[in-house]
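Enquirer: Encoded as structure tokens, here's the structure I'll be asking about.
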Amino acid sequence: MAKPPESARGAAYRAGQESALRDAVAQVVAHTPVTDLHTHLFAPAFGELLLWGVDELLTYHYLTAEVLRATSMPYDAFWRMSKREQADLTWRELFIERSPYSEACRGVLTALHAMGLDTATRNLDDYRAYFAAQKPSEYVDKVFKAANLECAVMTNDPFDAGERPVWESGYAGDPRFHAALRIDPLLNDWANACPKLKASGYDVELGLGAKARAEVRRFLTDWLTRMKALYMAVSLPPDFAFPEESARATLIAECVLPVAREHGAPFAMMIGVTRQINPALKLAGDGVGYSSVRPVHHLCAAYPDNKFMVTMLSRENQHELCVAARKFRNLFLFGCWWFLNNPSLIEEMTRMRFELLGPSVVPQHSDARVLDQVLYKWEHSRKIITKVLAEKYADLLAAGWVIAESEIERDAQKLLSGNFWDFVKA
């Protein structure tokens, strides 16, 4: 009979030791560094594009939607307010006049508490004074340490007029931040992207003839190389279809996938966002829609030498997507995106993925747009990952299996970082 494995510290757990096992899982998951594989954060070199501090937290679009739902203030009146005034309103309405137990509100409090601020005082001016005393680069280190974040992957759009000059000026990189090439304008709005590419020196035309397709491939190669991007990414609507007769499908098949194969870069698709269902809310006005998983099936089957990263926005898509990942090893599932970033849904999805796919996924990414958000998103998610992982281990103990602490450490490292890097580098 094979001897049960032991860790370097000799800890192993058997039936009847479920409580000790849960404690061990909590300790391991809490102390395992994270690669946050999808964020909207920026390195300090990007200046004002790096958002941080309590006013940014309070005016994030999650809370904007909540405060405008909670009040009768006209939308236009809200948008005429300064950021500080919007933050004051949000604090008063959502934190003082109401109990802040929505996930977005709770997240603000978790972030403040993680930085050592006394949330019991409810003193917004004190919190502002704390952030005003911080220096961006040093504060990044402080937040990453508190969140136990090893590094984060940015979302980098070469069409963005505020971001592009930083890259073109010779940005040297930052070991805390990796790049991902975001190509939404290219794929979702070719009519407007085409003249911008032409103005940048790429000989393209709307008809996407052979020369134009070659130029788009040159554009993608140039920016992948300049950014040292880990993957290419796009956010797609619920009615995304592939194959189909469209500029987007042509660009994916003839430009994105060939360049991705050549560079070994995954193509990440975030599917299911319905833009501007309430335009009056501006950035807070986007919604969610059910999507077909069949385009993912087709892409994975028709392009086996490409790697695909996929997350979907609708809860109703999650089971079918998990089944698809069982069938295609070039399909990598990650995170609980946007409207799914709520504890009840994170737990449901994490349990489903562990049961169908074992430890071969990345259960979460922060999608943080404000630096401080990584504090709450990872603290909240680690607790859920701990709960589900401990339950799965307990099921193994009930079957007579023995779990070594070294195996818990191995699994946590894969779930929080290693699986992503293995897939990117495969």
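The values are calculated or read from the model by the stated rules, or taken from the named source; none is laboratory data. Nothing here was measured: the structure is a model prediction, and the numbers come from that model. No Cβ is skipped: glycine too gets one built from the backbone with ideal geometry, and neighbour counts run over all protein chains shown.
Enquirer: Do the conditions hold for R351, that is, is it in contact (Cβ under 8 Å) with a residue 24 or more places away in the chain, in contact with a helix residue (DSSP H, G or I) (Cβ under 6 Å, 6 or more places away or on another chain) and surrounded by fewer than 19 Cβ atoms within 10 Å (Cβ to Cβ)?
Expert: Here the answer is yes, as R351 does meet what is asked.
Enquirer: Within the stretch 356-405, can you find the residues that are over 30 Å from G53 (Cβ atoms), part of a strand (DSSP E or B) and of a type outside the set (G, A, S)?
Expert: Once the filter is applied, which keeps residues that are over 30 Å from G53 (Cβ atoms), part of a strand (DSSP E or B) and of a type outside the set (G, A, S), the stretch 356-405 yields only I403.
Enquirer: Still on this structure: Condition first: at negative phi, surrounded by fewer than 18 Cβ atoms within 10 Å (Cβ to Cβ) and not hydrophobic (A, V, I, L, M, F, W, C). Now tell me which residues in the stretch 393-406 satisfy that.
Expert: Within the stretch 393-406, D395, S406 meet the criteria.
Enquirer: Can you name the number of the only condition in (1) on the phi < 0 side of the Ramachandran plot; (2) in contact with a helix residue (DSSP H, G or I) (Cβ under 8 Å, 6 or more places away or on another chain); (3) not aromatic (F, W, Y) that L208 fails?
Expert: (1)
Enquirer: Would you point out which residue out of K425, K383, K392, K387 is charged (D, E, K, R) and either closer than 30 Å to Y139 by Cβ or in the same structural domain as Y62 (by TED's automatic domain parsing) (or both)?
Expert: Unique residue meeting the criteria: K383.
Enquirer: Please specify each residue of the stretch 34-81 satisfying the condition of being more than 17 Å from C105 (Cβ to Cβ), acidic (D, E) and surrounded by fewer than 20 Cβ atoms within 10 Å (Cβ to Cβ).
Expert: Matches in the stretch 34-81: E48, D76.
Enquirer: V108 - would you say it is among the β-branched types (V, I, T), closer than 25 Å to D174 by Cβ and crowded, with 16+ Cβ neighbours inside 10 Å? Steps first, please.
Expert: Working: among the β-branched types (V, I, T): yes; closer than 25 Å to D174 by Cβ: no; crowded, with 16+ Cβ neighbours inside 10 Å: yes.
Judged against the criteria, V108 is not a match.
Enquirer: Looking only at helices (runs of 4 or more DSSP H) that fall completely inside the stretch 135-222, which ones have 1 or more residues that are exposed (fewer than 15 other Cβ atoms within 10 Å of the Cβ)?
Expert: 136-147, 164-168, 190-199
Enquirer: Taking the stretch 275-289 on its own, how many of its residues are in contact with a Pro (Cβ under 6 Å, 6 or more places away or on another chain) and within 15 Å of W337 (Cα to Cα)?
Expert: Summing the residues that are in contact with a Pro (Cβ under 6 Å, 6 or more places away or on another chain) and within 15 Å of W337 (Cα to Cα) in the stretch 275-289 gives 1.
Enquirer: Of everything in the stretch 331-346, what is surrounded by fewer than 18 Cβ atoms within 10 Å (Cβ to Cβ) and either free of Cβ contacts under 8 Å to residues at least 40 places away in the same chain or assigned to a helix (DSSP H, G or I) (or both)? Give them in sequence order.
Expert: W338, F339, P343, S344, L345
Enquirer: Determine which single condition T386 fails, assuming it passes every other condition in (1) within 17 Å of A24 (Cβ to Cβ); (2) in contact with a helix residue (DSSP H, G or I) (Cβ under 8 Å, 6 or more places away or on another chain); (3) surrounded by fewer than 19 Cβ atoms within 10 Å (Cβ to Cβ); (4) of a type in the set (S, T, Y).
Expert: Unmet for T386, out of (1) within 17 Å of A24 (Cβ to Cβ); (2) in contact with a helix residue (DSSP H, G or I) (Cβ under 8 Å, 6 or more places away or on another chain); (3) surrounded by fewer than 19 Cβ atoms within 10 Å (Cβ to Cβ); (4) of a type in the set (S, T, Y): (3).
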